[in-house]
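Enquirer: Before we start, here is the structure in question, set down as structure tokens.
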Amino acid sequence: MATRPKRKPTKGKRPPARARRSLLAARPRLRKIALEPHQIDVLALALIAVGVFLGGVEYAHWAGGAVGDGVVRATKFCFGVLGYAVPAALVAGGGLILARELRPPARPLRTGVICLVAALTLALAAGTLGIGPGQVPADHFWHSTAFETRGGVIGQAELWVTSHLFSTLGSSVLAVFLFIAGVILVTGATLAGAIRATGTGVAGTGRALRRSTDELRATVARRPATAAGRAGADARPEYPSEPLLPPEPDTTELVVRASTAVPAGAWSGARPLTRVW
């Protein structure tokens, strides 16, 4: 077998450098955990159970013990007023996991929920559109008693970052943007579809109002204008309305006797011809 001759390195040219692996590619990767369907169902039922327990502690004032009271206080510390919705969110999340085969898979629910939570906490902290008690004074900005009634420590951190990067008005605009984006991602609707549905609903409502106004105007026009006329119309007995039929024709004059002359000898002994009309 013939061997290929080796190429002599040319002077002045270096051999091409080999590609180096990046530091991110060299990092150890976590092994993905593959769960079986029954294991996912068990986790969903666990979320529902935790949500029901925290809801009883939060809404019905059950005795939650150290764990229940601590989790409720932690949710209020992190999310502020939005922490009251955490038990309901856990129950809804467990239900969505159980119904994962029924819901459409194209909706990025995780990203939508993150956008909604970030928008609501930031809006509560910044007092966007009058939501919440308003902003916190500078000397009480990081006090737990202040931000627990607003957006929690998460909302305060978002407000601190966005107000320094943009302004308080920029924080409000960002909160509105995140809320609209979250609604679009969760529901899968588009702005064009929402505008079209709103226009259809407004048009239907306008037609219904116009029809009811015309009926009311016709009713008022048929009613007597004076008090005496209205009293007489109210006192007049109501008879059932029957369809009007045309008058029957007079049949007494319909019988006409007409005698015609018969030539002599044509009919012997015949009676005169009588026509009945």
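Enquirer: Taking the criterion of being farther than 17 Å from C78 by Cα and either surrounded by 14 or more Cβ atoms within 10 Å (Cβ to Cβ) or not assigned by TED's automatic domain parsing to the domain that holds R73 (or both), would at least one residue in the range 140-161 satisfy it? So that I can check it myself, show each step before the final result.
Expert: Going residue by residue through the range 140-161, those that are farther than 17 Å from C78 by Cα are none.
So far as the range 140-161 goes, no, none of its residues is farther than 17 Å from C78 by Cα and either surrounded by 14 or more Cβ atoms within 10 Å (Cβ to Cβ) or not assigned by TED's automatic domain parsing to the domain that holds R73 (or both).
Enquirer: Ok, one more. Only one residue in L82, L54, L90, L96 is in contact with a Lys or Arg (Cβ under 7 Å, 6 or more places away or on another chain) and on the phi < 0 side of the Ramachandran plot, so which one is that? Don't jump to the end; show me each part of the working.
Expert: Details: L82 fails: in contact with a Lys or Arg (Cβ under 7 Å, 6 or more places away or on another chain); L54 fails: in contact with a Lys or Arg (Cβ under 7 Å, 6 or more places away or on another chain); L90 fails: in contact with a Lys or Arg (Cβ under 7 Å, 6 or more places away or on another chain).
Residue meeting the stated conditions: L96.
Enquirer: Return the residues of the range 183-198 that are farther than 20 Å from L116 by Cα and at pLDDT below 75; say none if nothing qualifies. Steps first, please.
Expert: From the range 183-198, those farther than 20 Å from L116 by Cα are 192-193, 195-198; that's our starting set.
Of everything in the range 183-198, those that are farther than 20 Å from L116 by Cα and at pLDDT below 75 turn out to be G193, A197, T198.
Enquirer: Continuing with this model, one more query. Any residue in the range 110-136 that is in contact (Cβ under 8 Å) with a residue 40 or more places away in the chain sitting within a Cβ distance under 7 Å of a residue that is of a type in the set (K, R) and not in a helix (DSSP H, G or I)? List the pairs, counting only those 6 or more apart or interchain.
Expert: Close Cβ pairs (under 7 Å, with a partner that is of a type in the set (K, R) and not in a helix (DSSP H, G or I)) amount to L124/R150; A125/R150; G132/R150.
Enquirer: Among A197, A146, which is in a helix (DSSP H, G or I), free of Cβ contacts under 8 Å to residues at least 40 places away in the same chain and in contact with a His (Cβ under 9 Å, 6 or more places away or on another chain)? Explain how you work it out, then say what you get.
Expert: Details: A197 fails: in contact with a His (Cβ under 9 Å, 6 or more places away or on another chain).
The conditions single out A146.
Enquirer: Something else about it: I'm checking my understanding of the structure. Among residues of the range 114-139 that are surrounded by fewer than 16 Cβ atoms within 10 Å (Cβ to Cβ) and among the hydrophobic types (A, V, I, L, M, F, W, C), which one is modelled with the highest pLDDT? Talk me through it step by step, then tell me what you get.
Expert: So the first thing to find is which residues in the range 114-139 are surrounded by fewer than 16 Cβ atoms within 10 Å (Cβ to Cβ), and the list is 114, 129-130, 133-134, 137-139.
Next, from what is left, pick out any that are among the hydrophobic types (A, V, I, L, M, F, W, C): 114, 129, 138.
Working: I114: 93, L129: 87, A138: 81.
Residue satisfying both the conditions and the ranking: I114.
Enquirer: Would you call T75 hydroxyl-bearing (S, T, Y) and in the same structural domain as T190 (by TED's automatic domain parsing)? Spell out the reasoning first.
Expert: Values: hydroxyl-bearing (S, T, Y): yes; in the same structural domain as T190 (by TED's automatic domain parsing): no.
So T75 does not fit the description; no.
Enquirer: Sticking with this one: Being of a type outside the set (A, V, I, L, M, F, W, C), assigned to a helix (DSSP H, G or I) and under 27 Å from Y59 (Cα atoms): is that true of G134 here?
Expert: Details: of a type outside the set (A, V, I, L, M, F, W, C): yes; assigned to a helix (DSSP H, G or I): no; under 27 Å from Y59 (Cα atoms): yes.
No; evaluated as a whole, the condition is false for this residue.
Enquirer: For residues that are aliphatic (A, V, I, L, M) and not in a helix (DSSP H, G or I), tally how many sit in the range 167-194. Quick ask: steps written out before the conclusion?
Expert: So the first thing to find is which residues in the range 167-194 are aliphatic (A, V, I, L, M), and the list is 169, 173-176, 178, 180-181, 183-186, 189, 191-192, 194.
Adding the requirement that they be not in a helix (DSSP H, G or I) leaves 189.
Here the count works out to 1.
Yes/no per residue for (1) touching a residue at least 60 places away in the same chain (Cβ under 8 Å); (2) more than 18 Å from V153 (Cα to Cα):
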| position | (1), (2) |
| --- | --- |
| V52 | no, yes |
| G56 | no, yes |
| A60 | no, yes |
| A66 | no, yes |
| A74 | no, no |
| V81 | yes, no |
| A85 | no, no |
| V91 | no, yes |
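Enquirer: Quick one: H164 ticks every box in (1) modelled with pLDDT of 90 or more; (2) of a type outside the set (A, V, I, L, M, F, W, C); (3) touching a helix residue (DSSP H, G or I) at 6+ places or on another chain (Cβ under 8 Å) except a single one, so which number is it?
Expert: (3)
The values are calculated or read from the model by the stated rules, or taken from the named source; none is laboratory data. All values reported here derive from a predicted model rather than from experimental measurement. With ideal geometry, Cβ positions are generated from the backbone for all residues, glycine too; neighbour counts draw on all protein chains shown.
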